[in-house]
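Report on the structure given below.
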Amino acid sequence: MRRVAYTNKDAEVLARLMRAESLSDGAIGMLLVGGVGSNRIVASCDTFRNITTVQKMVFQKPGGFASTNSTIFNSRPNSKDLRLAKLVLNGQRFKPAIKSLYFYAPKATERCRDEWFGAKFVGRHKSHCYYSPSPKDCPSIY
């Protein structure tokens, strides 16, 4: 069962975002970033209340993704990237981003912050730290 309604174009846009945001973190990193995006579409809390589609999530202003201006984002996704995006859109979620709405990449010498945008640190995968709100703050993703 699909977690998020999507078209082939939506899957391509999400695949491009996942690759641009986390290519250096491998397939798992891409799935985690995609999971955060999927959560933002499902969430009816915080700045994501009106984010109801892949397109709105990827291009949200303010609060979107800086990588949408990159060469990597603007190139076509390959079949592997598309497969990973569809896994996320169809409902697969992966730790530590199962309920995460935020991630960021600290400098190599930095540890992950305890909080990011009011959400608690829930884990790290390679270069990215992941953050989930409490069930009280965002029950729609729980």
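Computed from the coordinates by the stated procedures, all read-outs in this text should not be read as laboratory data. None of the values given here were measured: they were computed from a predicted structure. Note: ideal-geometry Cβ built from the backbone for every residue, glycine included; neighbour counts use all protein chains shown.
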Per DSSP, loop trypsin sites (Lys or Arg not before Pro) in the stretch 1-52 with at most 11 further Cβ within 10 Å: 2, 49
Protection proxy ranking of 24-35, 109-120 - average other beta-carbon atoms within 10 Å, highest first: 24-35, 109-120
R0 of 30 Å, Cβ-Cβ distance residue 83-residue 110: FRET efficiency to nearest 0.05: 0.40
Label-point separation, residue 69 to residue 136 (7 Å along Cα→Cβ), nm: 3.8 nm
